[in-house]
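Before any comments, here is the structure.
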Amino acid sequence: MIRNDIRNVAIIAHVDHGKTTLVDSMLRQSGQFRESQLQGDCILDSNELERERGITILAKNIALQYGDTKINLIDTPGHADFGGEVERITMMADGCLLLVDAFDGPMPQTRFVLRKAFAAGLKPIVVVNKIDRPEARPQQVLSLVYDLFIDLGADDEQLDFPYIFASGKEGWASHDPKVKGDSIKPVFDLIVKHVPGPDVDAEGPFQMQVTTLDWSDYLGRIAIGKIVSGKIKKSDRVLIMKDGVNKNATIERVQTFEKLGRSDAEGGEAGDVVALVGLEEAEIGDTIADADYPVALPRMNVDEPTLTMLFTINDSPFCGREGTFVTSRHLRERLYKELQSNVALRVTDTALKDEFVVAGRGLLHLGILIETMRRQGYELSVGKPHVILKEINGVECEPTEELVIDAPSDKVGPVMEIVGSRRGTLTKMQAEGTRTHMEFQIPARGLIGMRTRVLNSTAGEAIMHHVFHSYQPYSGEIPHRMNGVMISNVSGKAVAYALESLQERSTLFVRPGDEVYPGMIVGENARDNDLVVNPCKEKKLTNIRAASADKNIILKPPRDMSLEVALEYIEDDELVEVTPGGIRLRKKLLSEESRKRASRAG
Ligand SMILES: Nc1nc2c(ncn2[C@@H]2O[C@H](COP(=O)(O)OP(=O)(O)OP(=O)(O)O)[C@@H](O)[C@H]2O)c(=O)[nH]1
Ligand SMILES: [Mg+2]
């Protein structure tokens, strides 16, 4: 039975193509909100890191009433690290809006999410978005989308996709790219017309697959999914159907999505997306079923982690200065708590009680966890990221990624050299005006640390995106960092006088006044060896004139080591120290003597 009063729609696209901004317009024009509920841009990007970085990190469900239809709208993140989340959400939706930037056209993540939408059996509505951009080329982009559909094996019916032109930012959509529209209503109408209502068995036994997990300190675990069959209400007995042993449970609370949040409901019916409380043992992919007539839904794949890092306590001399949570017990509890809702994360204890192996979907995925912990008052050290190798049919394989770089045409040489040295192979190249579009396949290992180099070699003008491609046989060594580092051998505050002489041979990571300690990395050596230096050395004051000469010291600004840049930068004998006050780079072994001993030991 098709339920016609509900539409479950996922919004999918490449990063930054305007998903959350389009949702803003839909919220504003739905007429269901007070002015005070809709302040600012990207209303759904409500957590602190989302706002700071201008990206969506967590998918969000909202619900809007449009005429007689309830539209459950799911905004998804566009960054490649969160592709697994998009995959799960397309399984819960009955249709999707595929947004494509009217100038950029389809990008790697567009292909990825469209493939997932097809795999979930969805018929996408194409929204050629940002049509207000002066350089927009809507017709061309539309035909590129068409090519992409063909490329992904769309059949005739899929190729006949509905489409519309829109400016999410200005809040309008139009069927004619040359005519500016006056509202976002045509998007709503397309959803009602082309997204099928959920196909459900209203009277059958209860069945729901868990597609998202949430956690609340007050309610505990919250399992979210679309009801495929039957009804559910508080106190119902259910069976949590797993891969292995099934578990009995009782529903404590049923919530439905309403406007910007969730609210307690009498119950939930087939076709609607609900959040169930009381299922402490539910996991992604489990079927929640009627305890008397349990039938499992086909299990869905959960995205496997691709990257690991070693998390340890902070054992630098600065330990405990800034943080509240610094012990291994704190670290362990926090990491295990994260597993409650961060479904692509894995945490493993090691033989050492201070060390944990943390695995995730990429540098951004793990970087966001680390950044969140730092802000919550944790201190920790993190080791160099490593990709996860897999044995397939007896062959050692590694993850490879599809990489797209757009760069000014006169910078193609240096870009190809960097990618080539990291075992990337060119699969496509096309000049477009003064810029060149290049596509590669490259081991994921090769990407670690590459962004900075590509940006440096193109004066910051390259645009770079990558997305998981497949596991391929291990392709051999990839060159390490070319440069050695400068390591402080003293503790104290860095002094301009000392930094001035150091900067002749290096790029500095610290500025005058920054506190340093022995073993801390203060800069990059111009050569390939590590150097031990004293960044706190004062000038001998022989007379007044010499003292005033200090004012004439001109220092280059230090290289800004953001968390992700630092993680990409370090080698195996180094760590990133993360504290509420900031991040520092250090050698694992802080004393020069112990480093010498270790290198002699081989
Ligand atoms: N010119 C123009 N800019 C837009 C439009 N929609 C969004 N933008 C801008 O594009 C940027 C990204 O917009 P978002 O809505 O955050 O994009 P997103 O797809 O949600 O991004 P992720 O969630 O991180 O994947 C912001 O700077 C927006 O202001 C549009 O219709 N026209
Ligand atoms: Mg967004």
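Taken as a whole, the condition of being farther than 30 Å from residue 435 by Cα, away from ligand 1 (no atom under 14 Å from the Cβ) and touching a strand residue (DSSP E or B) at 6+ places or on another chain (Cβ under 6 Å) does not apply to residue 4. When the residues of the stretch 399-436 are filtered to those that are surrounded by 16 or more Cβ atoms within 10 Å (Cβ to Cβ) and free of Cβ contacts under 8 Å to residues at least 40 places away in the same chain, the one that is farthest from residue 480 (Cα to Cα) is 435.
Screening the stretch 497-602 for helices (runs of 4 or more DSSP H) wholly inside it with 2 or more residues that are over 21 Å from residue 483 (Cβ atoms), over 37 Å from the mean Cα position of the chain (by Cα) and modelled with pLDDT of 90 or more returns the ranges 592-601. What about residue 462, is it among the small types (Gly, Ala, Ser), in contact with a Leu (Cβ under 7 Å, 6 or more places away or on another chain) and either within 30 Å of residue 314 (Cβ to Cβ) or surrounded by fewer than 18 Cβ atoms within 10 Å (Cβ to Cβ) (or both)? No, not satisfied.
Here the stretch 11-38 is the region considered, the condition is being within 22 Å of residue 105 (Cα to Cα) and among the hydrophobic types (A, V, I, L, M, F, W, C), and the residue that is surrounded by the fewest Cβ atoms within 10 Å (Cβ to Cβ) is 15.
Against the condition modelled with pLDDT of 90 or more, of a type in the set (Val, Ile, Thr), within 9 Å of ligand 2 (Cβ to nearest atom) and within 25 Å of residue 225 (Cα to Cα), how does residue 62 come out, does it pass? For residue 62, the condition - modelled with pLDDT of 90 or more, of a type in the set (Val, Ile, Thr), within 9 Å of ligand 2 (Cβ to nearest atom) and within 25 Å of residue 225 (Cα to Cα) - is not met. Put simply, of 121, 105, 54, 84 the only residue that is out of contact with any strand residue (DSSP E or B) (no Cβ under 7 Å at 6 or more places or on another chain) and modelled with pLDDT under 90 is 84. Taking first residues from the stretch 17-38 that are more than 20 Å from residue 189 (Cβ to Cβ) and within 12 Å of ligand 1 (Cβ to nearest atom) and partners that are of a type outside the set (Asp, Glu) and assigned to a helix (DSSP H, G or I), the Cβ contacts under 9 Å between residues at least 6 apart in sequence or on separate chains come to 17/109; 17/110.
Of all the listed residues (254, 274), the sole one being more than 23 Å from residue 87 (Cβ to Cβ), among the hydrophobic types (A, V, I, L, M, F, W, C) and not in a loop (DSSP other than H, G, I, E, B) is 254.
The values are calculated or read from the model by the stated rules, or taken from the named source; none is laboratory data. These figures come from a predicted structure and were not determined experimentally. Neighbour counts run over all protein chains shown; Cβ positions are idealised from the backbone, glycine included.
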